[in-house]
Amino acid sequence: MLAAVVGLAGCGGSDTGSGPLDVYAAASLAEVFPELAPAARFSFAGSDELARQIREGAPVDVYAAASSKYPRELFEEGFVEEPVTFASNRLVLIVPSANPGAVDSVEDLLQPGTRLVVAAEGVPVGDYTRAALETLGLSAALENVVSNEDDVKGVAGKVALGEADAGFVYATDATPVADRVLAIQLPDDAQPLIEYQAAVVAASDDEDAADEFVEKLLGERGRAALLRAGFVLPT
């Protein structure tokens, strides 16, 4: 259920560690995290799924989620050290470049027969989507949902392939498929508060390397990489 694994098992994540640093991170971070630690081993998926695996004892050093919900829960349960906020994002609506569903605004999602794809409930981007629709008074659009995806990459992929007329993704996930989709901005007052948080896992085999990764994420290099990828930085 992990969307991607990046890194070589024979390359150490730090000079003191016995193996590569294991980082579990939200799927929307797949383009930026490997840049920060090329020798680390990354697993990208929905933040909720990764949290479940940590609770079940998966060998992880760092957890980074597209929400404050799961890091805070894991912290309160003793699975991770205190989380820190390192980035934010914006929610956008994307449609295939040809726009066969004639979706030119969020209100058009109410049109009968519109094929809408969203992330499942519990997945941060899925929860943000439902919150935005509720704010806009458009929750009825969920009646047109044809697929609930496990993570944001699933939503972006379905729309880019023309398997749906529209879908909600993070702005940073619209960029990799920009040649195949059009992005429709949401009103500012409908934007949910999106907080990306990271934490060192309490059972980490290499706490020093895990601390170093989080510090790098919060430092100049990490902030620059996040900005280049289109993330919003916390003040």
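The values are calculated or read from the model by the stated rules, or taken from the named source; none is laboratory data. All values reported here derive from a predicted model rather than from experimental measurement. Every residue, glycine among them, receives a Cβ derived from its backbone with ideal geometry; neighbour counts consider all protein chains shown.
Got a sec? Which of S28, S67 is outside any loop (DSSP other than H, G, I, E, B) and among the small types (G, A, S)? Checking each option against the conditions leaves just S28.
If the requirement is being crowded, with 20+ Cβ neighbours inside 10 Å, acidic (D, E) and in contact (Cβ under 8 Å) with a residue 60 or more places away in the chain, which of these qualifies: D151, D104?
Of D151, D104, the one residue that is crowded, with 20+ Cβ neighbours inside 10 Å, acidic (D, E) and in contact (Cβ under 8 Å) with a residue 60 or more places away in the chain is D151.
Looking at the structure I just gave you, is G101 at pLDDT 95 or above, farther than 21 Å from E121 by Cα and not in a helix (DSSP H, G or I)? Against the criterion (at pLDDT 95 or above, farther than 21 Å from E121 by Cα and not in a helix (DSSP H, G or I)), G101 qualifies. Can you spot a residue in region 112-127 that is surrounded by fewer than 21 Cβ atoms within 10 Å (Cβ to Cβ), within 14 Å of the chain's Cα centre (by Cα) and closer than 13 Å to G167 by Cα? The answer is yes, given that some residue of region 112-127 is surrounded by fewer than 21 Cβ atoms within 10 Å (Cβ to Cβ), within 14 Å of the chain's Cα centre (by Cα) and closer than 13 Å to G167 by Cα. Restricting attention to region 204-222, the residues being more than 25 Å from R55 (Cα to Cα), touching a residue at least 24 places away in the same chain (Cβ under 8 Å) and of a type in the set (D, E, K, R) number 2.
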